[in-house]
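Okay, structure first, notes after.
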Amino acid sequence: MCHLFITISGAVKIFLDNPDTPVLAQNVGLAFLTVLIPVAIAIFDSDTEFRELDNHVILDHVIGAKKILFALAAIFLPFFFWQHSSSSWRLAELLIWLAGVIFLTTRIASSYQWIKGNKYPLRFGYLRRLTDPKDMEEAWVSVWQSENINPQNESQFFQIFMEKINMLLDNE
């Protein structure tokens, strides 16, 4: 066990001291960003009945547009300091990079689920959590302008709508 730890710590030390590590790590980040481009095109190119609602769901919950900038910063910024960092700081920088990569991986996975899966649970969840009046108006107009909603989903939309109306009335 002790020999394994020494071997692993030696391999990590070699990796942290390698001058090519920042280039390799940033290339991995660029690969993930490259995968996001066709995913974004596929998501936003579809013409659905719930266009406005779906745009809100995609940006806020599927892709997480507000958080993606932090992921990009986590992937690329740590390596600006790499040459002047000690081994312990390099390890911390690598962990920050890994957090950004994991976030992008989860965004790609959730994008895949959006494209291939049942969109209604995500739509319902978004509408339940929605509090911004402007976003509410756009999302609900998108719902009520849709014509081909099956009765079960329409009933669920109506139930959520009534919950929101009651919540707004209680706040008045």
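So, Arg129, is that one loosely packed, with under 11 Cβ neighbours inside 10 Å and at negative phi or not?
yes
For a quick check of your reading of the model, give me the residue pairs whose first member lies in the range 145-172 and is part of a helix (DSSP H, G or I), whose second is hydrophobic (A, V, I, L, M, F, W, C) and surrounded by 10 or more Cβ atoms within 10 Å (Cβ to Cβ), with beta-carbon atoms closer than 6 Å and at least 6 apart or on different chains.
Pairs found: Gln156/Phe124; Phe157/Val143; Ile160/Leu127.
Give the residue that is surrounded by the most Cβ atoms within 10 Å (Cβ to Cβ), with candidates limited to residues of the range 80-95 that are part of a helix (DSSP H, G or I) and of a type in the set (A, V, I, L, M, F, W, C).
Ranking the candidates gives Leu94 first.
Just one of (1) at pLDDT 80 or above; (2) surrounded by fewer than 18 Cβ atoms within 10 Å (Cβ to Cβ); (3) farther than 17 Å from Phe124 by Cβ trips up Ala42, so point out which.
It is condition (1) that Ala42 fails.
Which pairs have Cβ atoms under 7 Å, sit 6 or more apart or on different chains, and link a residue in the range 13-31 that is touching a residue at least 40 places away in the same chain (Cβ under 8 Å) to one that is loosely packed, with under 14 Cβ neighbours inside 10 Å and of a type outside the set (A, V, I, L, M, F, W, C)?
Lys13/Ser87; Leu16/Ser87
Pull up the range 41-66, narrow it to residues that are assigned to a helix (DSSP H, G or I) and without any contact (Cβ under 8 Å) to a residue 24 or more places away in the chain, then point me to the one that is nearest to Glu138 (Cα to Cα).
Asn55
Go through the range 120-163 and give me each residue that's of a type in the set (D, E, K, R) and under 22 Å from Val62 (Cα atoms).
Within the range 120-163, the first condition is being of a type in the set (D, E, K, R), and the residues that meet it are 123, 128-129, 132, 134-135, 137-138, 147, 154, 163.
Result: Arg123, Arg128, Arg129, Asp132, Lys134, Asp135, Glu137, Glu138.
In the range 96-131, which residues are part of a helix (DSSP H, G or I), without any contact (Cβ under 8 Å) to a residue 24 or more places away in the chain and β-branched (Val, Ile, Thr)?
Matches in the range 96-131: Ile96, Ile102, Thr106.
Say whether the condition of being closer than 26 Å to Asn27 by Cα and surrounded by 17 or more Cβ atoms within 10 Å (Cβ to Cβ) is met by at least one residue in the range 144-164.
Of the range 144-164, the ones closer than 26 Å to Asn27 by Cα are none.
No, the range 144-164 contains no residue that is closer than 26 Å to Asn27 by Cα and surrounded by 17 or more Cβ atoms within 10 Å (Cβ to Cβ).
Tell me, yes or no, whether the range 21-36 has at least one residue that is closer than 30 Å to Val143 by Cβ, surrounded by 10 or more Cβ atoms within 10 Å (Cβ to Cβ) and at pLDDT 80 or above.
Yes, some residue in the range 21-36 is closer than 30 Å to Val143 by Cβ, surrounded by 10 or more Cβ atoms within 10 Å (Cβ to Cβ) and at pLDDT 80 or above.
The values are calculated or read from the model by the stated rules, or taken from the named source; none is laboratory data. Everything numeric in this text was worked out from a predicted model, so none of it was measured. Neighbour counts run over all protein chains shown; Cβ positions are idealised from the backbone, glycine included.
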